[in-house]
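To start, the structure itself, in structure tokens.
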Amino acid sequence: MTVMSQNPVSTKHATQFSLTAMIETIPESIAYLRSGIYRLPKAVPENAEIKNANGPTAKPPMSLDVIDAADQQLEVLAYWAEACEVDMTNLGRTWRYHPSHPELAGYIRGIANDDPRPADRLSARLLASMRSADWIEPEGMHSHIHSLLASHAARWPAIHDLLIEARTK
């Protein structure tokens, strides 16, 4: 399976975090991102010219970037949980790749209906698996998760703060 968000990104946050801290942080990071989805309307003066909402400058009523970022984090968490043979049943509501997708059919690709359970459950199950005496970290897991979170932390610094907080627990 290939995950679309594997591009390493150079960021100002060069700190390496432990795999445990990153996996603990993903559910909180997703919740933070999802809380910023809807743009607050700006006050419009009474004498302002009203623009056509369907015109070329119209913006969606929500931030698509934060939706994509939250979905990427869940997708990457699910990818590595499955690679580590974590139980993938009873996760909650998720978006999955369409059955007609040639390589990714059925794999988790994002959050459905703001359901926090998939991230919470995958994170808890993956952390429990990592505590097992016979657990071996798959090659590329740390760098993949780190590059994704680093790119998101560069755009949304609060994610870096969540990682720092997890590291000090």
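Considering each residue of the stretch 141-156, count those that are surrounded by fewer than 16 Cβ atoms within 10 Å (Cβ to Cβ) and either without any contact (Cβ under 8 Å) to a residue 60 or more places away in the chain or aliphatic (A, V, I, L, M) (or both), and give that number. Walk me through how you get there before you give the answer.
Applying the first criterion (surrounded by fewer than 16 Cβ atoms within 10 Å (Cβ to Cβ)) to the stretch 141-156 yields 143, 154-155.
In the following step, the residues that additionally are either without any contact (Cβ under 8 Å) to a residue 60 or more places away in the chain or aliphatic (A, V, I, L, M) (or both) were identified as 154.
Selection size over the stretch 141-156: 1.
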Q) Which fully enclosed helices (runs of 4 or more DSSP H) of the stretch 105-169 have 3 or more residues being under 13 Å from residue 76 (Cβ atoms)? A) 117-130, 141-155
Q. Checking residue 97 against (1) more than 22 Å from residue 19 (Cβ to Cβ); (2) surrounded by fewer than 16 Cβ atoms within 10 Å (Cβ to Cβ), which single condition isn't satisfied?
A. (2)
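Kindly provide the set of residues from the stretch 100-129 that are of a type in the set (A, V, I, L, M) and open to solvent by 30 Å² or more (accessible area, probe 1.4 Å), ordered by number.
Step one: list which residues in the stretch 100-129 are of a type in the set (A, V, I, L, M), which gives 104-105, 108, 111-112, 119, 122, 124, 126-128.
Selection gives 105, 124, 128.
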Q) Can you tell me which residue in the stretch 94-130 is farthest from the chain's Cα centre (by Cα), limited to those that are over 20 Å from residue 28 (Cβ atoms) and of a type in the set (D, E, K, R)? A) 103
Q: Consider only pairs whose beta carbons are under 8 Å apart and that are at least six residues apart or on different chains; among these, list those whose first residue lies in the stretch 111-140 and is in contact (Cβ under 8 Å) with a residue 40 or more places away in the chain and among the β-branched types (Val, Ile, Thr) and whose second residue is part of a helix (DSSP H, G or I) and open to solvent by less than 30 Å² (accessible area, probe 1.4 Å).
A: 111/30; 111/70; 111/71; 111/74; 111/118; 111/119
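The values are calculated or read from the model by the stated rules, or taken from the named source; none is laboratory data. These figures come from a predicted structure and were not determined experimentally. Positions of Cβ are backbone-derived with ideal geometry, glycine not excepted, and every protein chain shown enters the neighbour counts. For accessibility, only protein heavy atoms count, side chains too; no ligands or nucleic acids. Shrake-Rupley method; radii C 1.70, N 1.55, O 1.52, S 1.80 Å.
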